[in-house]
Structure formats: C-alpha cells, structure tokens
Amino acid sequence: MKLKLAAVLVGAALGLSSVVAHAAGEIVIKFSHVVAVDTPKGKAAEYFKKLAEERTKGKVKVQVYPNSQLYKDKEELEALQLGAVQMLAPSLAKFGPLGVKEFEVFDLPYIFDDYKELHKVTQGPIGQQLLGKLDSKGIKGLAFWDNGFKQFSANKPLKNPADFKGMKLRIQSSKVLEEEVRSLGAIPQVMAFSEVYQALQTGVVDGTENPVSNFYTQKMHEVQKHMSLTNHGYLGYAVIVNKKFWDGLPADVRTALDGAMKDATVYANQIAEKENNGDLEKVKASGKTTIYTPTPAEKAALKQALTPVHAKMAGRIGQDVIEAIYKETGFNQGK
C-alpha cells in the first residue's frame, strides 16, 4: 500500500510539470483511462486530443494512456486528485465510493429504456447538477460520455432470474450493483476491469455484465459461451479534470478546451451505439459466444426482479434524485 501511494505521489510530482509547463508555452494534459483504444471511450479520448491540440494551436499537448497503462480503476481517482494525471473518464459507478453517491442512480437497473431517455438526464439540468457535486472533491466535471447498455454473460444460458442463482458475477465497485446481483440470487464480485478476462478464464467468476464493445474489445467472448441481450443497465462515463489544474489554465485555453470537449462529447455519444452494434456482429461472427435475445415475458420477469432495487437504494442515492429522473424520463415500473 505504501509503495502504491509512493508511486502515486511520484506521479503527482511529475504531473506538476504540466502546470510548470505553462511558462514554457506548452500545457500537458495526461488523460488516463482503463479501456482499449478501439472502444467508444478510447476513440473519443483520441478525438478530444486531436481537437484540443488543433484549437489551442499547440499550446496544449494531450497524452492519452489507455488500457490501465498508468492506473487501475481504484487508483485513478486518487491520482487525479493528487495531480498525477489531469484528466480521466471513469465510469459513473466510481463516484459513489468517492462520496458522491447520487451518481449511483445511473447504476439502477432498467431506469432508462433507451438513449433518448438517458440523454434527457445526462445532457440536461440533472446531469449538470450532478457534475457540480464533484467540485467539493477537487474535481471539475466536464461531460458525460456514453458507452452503452449492459448485457449479462456467462458460460450457461441466462434467460430467467432463476438462471442467475448462485453464480459469481463480476461487477464494478457499486453498492447498487451489489444489490442488483443479489436481487437475482447471484453473488457479486467486485474486481478491477483489467483483471476480468483472467478471472473469467480461470473460473474465479462465472459471468459479468458489460456493454458489447467492452465485452468484445477485452476478448471476453473467448471465455464466455453465452450472452443475453438484457439491456438491463447503463454504463457511461464522466469526463473529469483536476479542478485546481483546470481553474489555473489561461482563460482562452480553457474556452478552447471546453469547445473541444463539447464536440468530442457529441462524437462519443454518436459512435457508442454504432460501436456496440458493430461489435455485437463481430461476437456473432466469432462463433464463440451464443447470443440470446430474451422474449418479452423473460424481459418482464427480469425487470420485475430488478426494479425493486430502486426503492432499496433510495436512502443511499437520494429519493429526490431518483424521482427527478422518473419525472424527466416518464419512468413507471410497469412499462
């Protein structure tokens, strides 16, 4: 633990060079993330880099580090707060353990039926209010990026709630996701994203939940025989920066980066659905994973099993946040 913290602190000291670099005329932004380059987030990060460097006319240099090259899931937020990196795009589940539990509303199963409902929240006033809650943690929230809706996978068919009973399912660190898995009679296993493939391969866990783009780019189709297209939950990201770093940027640079982020966000959200659909076809073509689409009755049974999680987690997330989203999207448990 001490060695890990020391490594972060050394990184923080190195990260300060980006602030010092202002005087030299070049500002370095280290953008770290945990997924592959050819995922929606990976491509959006590279697109932001391109726009940022072009629009600041070389004043800013964005260094993108994919695939947990610098930090794993649990380490990256601390690294950002310490200044070891300047920018991250962690999944929304990461903010609960940080103390901003309202973000766990995005983990609630079946709270969004489609992207249209989702974007009413992430691209509207509720989303902006949620990003503002990060300020007190030394973090500036810039945007929400989609990955997509999640599917369950395992080495056996998953059609009904009873099929999940007793299975060990990998999840991100989230009390809501723990309750989701328990509601199906399964056993939640919190694990870093970079460790999931090996855990599936060796049987440490039996299955997991992912958007198809993560499932395919991490080669999970090689170690999971079945996937059910449940669309039961959403996986998205918040693009965030170290607040002290961001506030210390020259006004013209910050304005240019804001514009670059807005355009990168449009790009990220446009490609997310396309990438997931394309990767689903690649999984099918591999012949290694059998894809199953639940019937309307099976989906209704899953929804009936999972939507009680909303009420169970209301005390943690905030009933007001949940109800604000219900109002925005027109959610009702019976639809």
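Report every pair of residues separated by at least 6 positions or lying on different chains whose Cβ atoms are under 7 Å apart, first residue within region 178-204 and touching a residue at least 60 places away in the same chain (Cβ under 8 Å) and within 19 Å of residue 305 (Cβ to Cβ), second part of a strand (DSSP E or B) and acidic (Asp, Glu).
Within 7 Å, no pair qualifies.
Give the residues of region 129-149 that are small (Gly, Ala, Ser), surrounded by fewer than 22 Cβ atoms within 10 Å (Cβ to Cβ) and either touching a Cys at 6+ places or on another chain (Cβ under 7 Å) or in contact (Cβ under 8 Å) with a residue 24 or more places away in the chain (or both), sorted by residue number.
Hit for region 129-149 is 138, nothing else.
From the list 138, 148, 96, 83, pick out the single residue that is closer than 30 Å to residue 320 by Cα and over 16 Å from the mean Cα position of the chain (by Cα).
138
Among what's in region 309-335 and is of a type in the set (S, T, N, Q) and under 21 Å from residue 230 (Cα atoms), pick the residue that is surrounded by the most Cβ atoms within 10 Å (Cβ to Cβ).
If we filter region 309-335 for residues that are of a type in the set (S, T, N, Q), which is where we start, we get 319, 329, 332-333.
Okay, now just the ones that are also under 21 Å from residue 230 (Cα atoms), so 329, 332-333.
Working: 329: 19, 332: 7, 333: 12.
That would be 329.
Sort out which residues of region 279-325 are of a type outside the set (S, T, N, Q) and free of Cβ contacts under 8 Å to residues at least 12 places away in the same chain, and write them in order of number.
Those that are of a type outside the set (S, T, N, Q) and free of Cβ contacts under 8 Å to residues at least 12 places away in the same chain: 281, 284, 285, 287, 296, 297, 300, 311, 314, 315, 320, 323.
Restricting to helices (runs of 4 or more DSSP H) lying wholly in region 168-222: which have 2 or more residues that are farther than 26 Å from residue 37 by Cα and either at pLDDT 95 or above or out of contact with any helix residue (DSSP H, G or I) (no Cβ under 9 Å at 6 or more places or on another chain) (or both)?
Once the helices (runs of 4 or more DSSP H) in region 168-222 are filtered for at least 2 residues that are farther than 26 Å from residue 37 by Cα and either at pLDDT 95 or above or out of contact with any helix residue (DSSP H, G or I) (no Cβ under 9 Å at 6 or more places or on another chain) (or both), what remains is 175-183.
Any chance you could count how many residues in region 289-317 are part of a helix (DSSP H, G or I) and not small (Gly, Ala, Ser)?
14
Among the residues of region 104-124, count how many are charged (D, E, K, R) and either within 14 Å of residue 324 (Cβ to Cβ) or part of a loop (DSSP other than H, G, I, E, B) (or both).
Applying the first criterion (charged (D, E, K, R)) to region 104-124 yields 104, 107, 113-114, 116-117, 120.
In the following step, the residues that additionally are either within 14 Å of residue 324 (Cβ to Cβ) or part of a loop (DSSP other than H, G, I, E, B) (or both) were identified as 113-114, 117, 120.
Count: 4.
Please work out if residue 41 is out of contact with any Lys or Arg (no Cβ under 9 Å at 6 or more places or on another chain) and at pLDDT 95 or above.
Against the criterion (out of contact with any Lys or Arg (no Cβ under 9 Å at 6 or more places or on another chain) and at pLDDT 95 or above), residue 41 does not qualify.
Residue-wise test of (1) more than 30 Å from residue 49 (Cα to Cα); (2) in the same structural domain as residue 174 (by TED's automatic domain parsing); (3) surrounded by 15 or more Cβ atoms within 10 Å (Cβ to Cβ).
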| residue | (1), (2), (3) |
| --- | --- |
| 222 | yes, yes, no |
| 249 | no, no, yes |
| 253 | no, no, yes |
| 260 | no, no, yes |
| 287 | yes, yes, no |
| 293 | yes, yes, no |
| 301 | yes, yes, yes |
| 307 | yes, yes, yes |
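Out of 52, 24, I need the residue that is more than 18 Å from residue 244 (Cα to Cα), modelled with pLDDT under 95 and out of contact with any Pro (no Cβ under 8 Å at 6 or more places or on another chain). Which one?
Exactly one of 52, 24 is more than 18 Å from residue 244 (Cα to Cα), modelled with pLDDT under 95 and out of contact with any Pro (no Cβ under 8 Å at 6 or more places or on another chain), namely 24.
Among the residues of region 55-75, write down those that are without any contact (Cβ under 8 Å) to a residue 40 or more places away in the chain and farther than 13 Å from residue 89 by Cβ.
57, 58, 61, 63, 69
Would you point out which residue out of 281, 273 is assigned to a helix (DSSP H, G or I), modelled with pLDDT under 95 and under 30 Å from residue 156 (Cα atoms)?
273
Using the structure shown, decide if residue 83 is modelled with pLDDT under 90 and either over 30 Å from residue 313 (Cα atoms) or in contact with a Gly (Cβ under 8 Å, 6 or more places away or on another chain) (or both).
Against the criterion (modelled with pLDDT under 90 and either over 30 Å from residue 313 (Cα atoms) or in contact with a Gly (Cβ under 8 Å, 6 or more places away or on another chain) (or both)), residue 83 does not qualify.
For region 57-87, give me each residue that is crowded, with 22+ Cβ neighbours inside 10 Å and either assigned to a helix (DSSP H, G or I) or not assigned by TED's automatic domain parsing to the domain that holds residue 140 (or both).
Of everything in region 57-87, those that are crowded, with 22+ Cβ neighbours inside 10 Å and either assigned to a helix (DSSP H, G or I) or not assigned by TED's automatic domain parsing to the domain that holds residue 140 (or both) turn out to be 76, 79, 80.
When residues of region 60-80 are filtered for being at pLDDT below 95 and basic (Lys, Arg), how many remain?
Matching residues across region 60-80 total 2.
The values are calculated or read from the model by the stated rules, or taken from the named source; none is laboratory data. Note that the structure is a prediction, hence the values are computed from the model and not measured. Reconstructed Cβ throughout: ideal geometry from the backbone, glycine too, with neighbour counts over all protein chains shown.
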